[in-house]
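Here is the structure we will look at, set down as structure tokens.
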Amino acid sequence: MKDKALLGSRLLFGLAFVIFGLNGFFNFMANPPMAPEAGALMGAFAKTGYFFPMVKIVEIVAGALLLSGFFVPFALALIFPILIGITSIHLFLNPGGLPIMIVFHLLHGFLVYGYWKNFKSVMVVKA
């Protein structure tokens, strides 16, 4: 049963990041309205010219790895800083998106737990 839950979580999490990553390039889903402060931050990120393409490419790559089942621990580590960044924006500037981010963190946490044997070796205090 745990294997099926792990597979379902991995596929759902991976698919979400592939879809949101592709949406960053093709805009097939409308962005929800956001607070003015969050909009200002997003505008500043967009003005750099590199930030959103970089983030969206990482989302697509990590999502594709999760969907394929290859390098899953790497994909989980790769997506974590992006997950924290998005959550921080929702937590401090745009709380409307917080519920979905809680779901994403639960999925991520469950996947890390399921693949813990792969993470255990890097959690060494004195190497």
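Each value in this text was obtained by applying a stated rule to the coordinates, not by laboratory testing. None of these values were measured; they are calculated from a predicted model. For neighbour counting, all protein chains shown are included, and Cβ atoms are generated from backbone atoms with ideal geometry for every residue, glycine included.
Structural remarks
- Ranked by how many other beta carbons lie within 10 Å on average, peptides 9-19, 98-108 from highest: 9-19, 98-108
- Ordered by the number of other Cβ atoms lying within 10 Å of each residue's own Cβ, fewest first, 87, 48 fall into the sequence 48, 87.
- Full-stretch length increase - residue 3, residue 115 - with 0.36 nm per residue and alpha-carbon distance subtracted: 39.2 nm
- Estimated translational D of segment 2-122 in µm²/s (Stokes, Kirkwood radius over Cα pairs; 20 °C; 1.002 mPa s): 142
- Short-range pairs are left out: with C-alpha atoms under 8 Å and at least six residues apart, the relative contact order of the chain is 32 percent.
- FRET E, pair residue 51, residue 125, Förster distance 25 Å, beta-carbon r, rounded to 0.05: 0.15
- Residues of segment 44-64 with amide N under 19 Å of the 7 Å Cα→Cβ point at residue 28: 53, 56-64
- What separates the Cα centres of segment 3-68 and segment 71-127 is a distance of 14 Å.
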